[in-house]
Amino acid sequence: MDSMNVAIIPARGGSRRIPRKNVRQFRGKSMLCYPIEAAKASKLFQLIVVSTDDYEIEQVALEAGAVVMRRATDDGTKGTQEIARNVLLQLPRAHFACVIYPCSPLLLAVDLVRGVHALQGYQYAMSVDSAGVDAGCFYWGDSYAFRNDVPLDAPHTARVRMPPERCIDINTFED
């Protein structure tokens, strides 16, 4: 069996700061469409999965060409690794995975390509801002690391600097 790269977009229905932010319109389309389009344009993934607890998000994801994996209602306490692990446990052929946050509308395919190249020799590669702080755009990883809860932010993690103008994960109206 061939291995595959999987994009995982965790998109829950509840948001305390911006209600329904994952399906809100941003520059003419649902916010969720942007990371799906970036993943498709990168040509790195054999599968793009949206992990959600919400029917409307599911519909937007399917229309945008992603596969949906339903999960239990999430109160926001599930972290990146837990969501990735749950998806990857259902995909034994996955070799590498990239968790892409759904509210990163300025993320480009080239950023994902830079991320997978940075992964060479590391267990993870994560997007960071100019100060080296987690930018919250994407997290590439070996599926073994995600499945086995290897800490995400550690010396075995490559840092991929994002251009300041695209380094955003929309969480507040100010963003």
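Restricting to the range 50-80, count the residues that are open to solvent by less than 70 Å² (accessible area, probe 1.4 Å) and part of a helix (DSSP H, G or I). Quick ask: steps written out before the conclusion?
Looking only at the range 50-80, we keep the residues that are open to solvent by less than 70 Å² (accessible area, probe 1.4 Å), and these are 50-54, 57-61, 64-69, 71-72, 74, 76, 78-80.
Still in the running and part of a helix (DSSP H, G or I): 57-61, 80.
Within the range 50-80, residues that are open to solvent by less than 70 Å² (accessible area, probe 1.4 Å) and part of a helix (DSSP H, G or I) number 6.
Return yes or no: is I83 surrounded by 14 or more Cβ atoms within 10 Å (Cβ to Cβ), in contact with a helix residue (DSSP H, G or I) (Cβ under 6 Å, 6 or more places away or on another chain), touching a residue at least 40 places away in the same chain (Cβ under 8 Å) and of a type in the set (V, I, T)? Reasoning before the result, please.
Details: surrounded by 14 or more Cβ atoms within 10 Å (Cβ to Cβ): yes; in contact with a helix residue (DSSP H, G or I) (Cβ under 6 Å, 6 or more places away or on another chain): no; touching a residue at least 40 places away in the same chain (Cβ under 8 Å): yes; of a type in the set (V, I, T): yes.
Criteria not met by I83.
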Item to check | Top-ranked residue in the range 6-49 [being assigned to a strand (DSSP E or B) and open to solvent by 30 Å² or more (accessible area, probe 1.4 Å); ranked as nearest to W140 (Cα to Cα)] | outcome: L47
Checklist entry - When you look at Y122, is it among the hydroxyl-bearing types (S, T, Y), under 18 Å from A41 (Cβ atoms) and open to solvent by 20 Å² or more (accessible area, probe 1.4 Å), yes or no? => result no
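The values are calculated or read from the model by the stated rules, or taken from the named source; none is laboratory data. Given the structure is predicted, the values throughout are model-derived calculations rather than measurements. Every residue, glycine as well, gets a Cβ built from its backbone with ideal geometry; the counts of neighbours run over all protein chains shown. Each accessible area value is taken on the protein alone, full model and side chains, heavy atoms only, with ligands, DNA and RNA left out. Shrake-Rupley method; radii C 1.70, N 1.55, O 1.52, S 1.80 Å.
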